[in-house]
Amino acid sequence: MNWDQVNVFLTVAEAGSLLAASVVLGISPPTVARRLDRLEDVLGLRLFDRRHDGYRLTDHGENLLPSAKAMRRAAVDLSQAAQTRNVLQGTRVRVASGFWFSKLITERLGDFHLAHPGIDIELVTGHAIADLDTGEADISIRNVRPEGGDLIMRKLGESSYAIYGSEHYVAQNPEAHQERRYSQCDWVGPAPNLAALASQTWLSKRLSKAPVLRCSQTLQFLDAVKSGVGLAILPQMIGDREKGLLRVSDPIQVGHDDIWLIVHENQRNTPAVRAVINWLVPLFRSLGTQIEPKAPSAKQ
C-alpha cells in the first residue's frame, strides 16, 4: 500500500473536501482525486460518499481510519528519527575524565556507537580538571564537585578504594591479608606527579617501606599489580572486576568519593551532548557502589 495514497485518504477525511485537502497537501484537486481512486481500487472498497457538500466516510472508510492514523504516526516517527540522525551525523562530543573513568568508558564504547553511529566521542584524559567554560570539554566526570560557574552537576554514584594483589602474589605473601602488609609486602606507589592523589596520600601515611615500583600514570598501578609486582590501592569499580586480582582489605574511603557528571548550562540540551549524558548516567550507576562489593579474599 502506497503511503502517499493513505496520506491523501487521511487528509480528505479530516478536511472534508478535495479542495481543502489539496491546499493541505500542496497538490491539485484532480491529483487528490486520482490518488484516492487508486487507493479504493487497491482495497476494492468505497471509502467516501461523494456529495455536493463534500466527502463523507463510508463504513469501510471509518473502519480503515484507525489503521491509517497508526501508519501516519509510524511515518512521523521515522521522519523524526532520520532528522535526528542527520543532525547528529559527524557531531563530536568531548568527554573529560581521569584515567580510571576513561578506562571504564572505553571498555563499553561499542554499545554507544551501535546506538549512536553519528556521534564521535573524544576522550580528554588526565588529572587536570577541564575548563568547561572555555570549551576544553563538553562533559566532565570527576570526583571533585566544582564551585561556581554556569555548570550543571549530576551525581553518578560513589567510589571507594581497596588494596589488591595478584592471586599468585597474595598466595606467596600471606601478610597481604594483615596489617603487617604495610611493612612486609612489596608495594606499587606513586611517582612525584601522583603523590598528591588522595588514595596515595592515604597509603603513604601507612607504609613503612619504600615502594618497589613508582608509577607516573594511574593505569600503571593496575598493570603492575596484575603482573605480580606487589600490592597497590585501586578503585573498587576497577579492582573488583579484574580477573586474577584479590582484594585483601575492606573498602577504604579516601575523600572525594562522590562521582559527578558536569556539563555547562549552554551545552546540556544539545542533542549529541544529551545522548552521551543519557548513556553515561546509567553506565556509571551500574558500576558504582549500588552494586554490593565482593568480600576480601580472607579475614583481616
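The values are calculated or read from the model by the stated rules, or taken from the named source; none is laboratory data. Note that the coordinates shown come from a computational prediction; the quantities given were computed from them, not determined experimentally. Backbone-built Cβ (ideal geometry, glycine too); neighbour counts: all protein chains shown. Note: areas computed on protein heavy atoms with side chains; ligands, DNA, RNA excluded. Shrake-Rupley method; radii C 1.70, N 1.55, O 1.52, S 1.80 Å.
Number of residues in region 1-13 that are open to solvent by 30 Å² or more (accessible area, probe 1.4 Å) and modelled with pLDDT of 90 or more: the value is 1. Can you find, within region 153-162, the residue that is farthest from ASP133 (Cα to Cα) among those that are part of a strand (DSSP E or B) and of a type outside the set (A, V, I, L, M)? Among those that are part of a strand (DSSP E or B) and of a type outside the set (A, V, I, L, M), it is TYR161.
When TYR161 is tested against (1) touching a Ser or Thr at 6+ places or on another chain (Cβ under 9 Å); (2) modelled with pLDDT under 90, exactly one condition is not met: (2).
Could you tell me whether THR270 is within 25 Å of the chain's Cα centre (by Cα) and more than 29 Å from ALA115 (Cα to Cα)? No; evaluated as a whole, the condition is false for this residue. Restricting attention to region 70-82, the residues that are of a type outside the set (A, V, I, L, M) and surrounded by 14 or more Cβ atoms within 10 Å (Cβ to Cβ) add up to 1. Every test in (1) on the phi > 0 side of the Ramachandran plot; (2) modelled with pLDDT of 90 or more; (3) surrounded by 15 or more Cβ atoms within 10 Å (Cβ to Cβ) is passed by GLY44 save one, and that test is (3). Filtered by the rule that a residue be surrounded by fewer than 17 Cβ atoms within 10 Å (Cβ to Cβ), assigned to a helix (DSSP H, G or I) and not hydroxyl-bearing (Ser, Thr, Tyr), region 163-197 gives GLU167, HIS168, ALA171, GLN172, PRO174, GLU175, GLN184, PRO192, ASN193.
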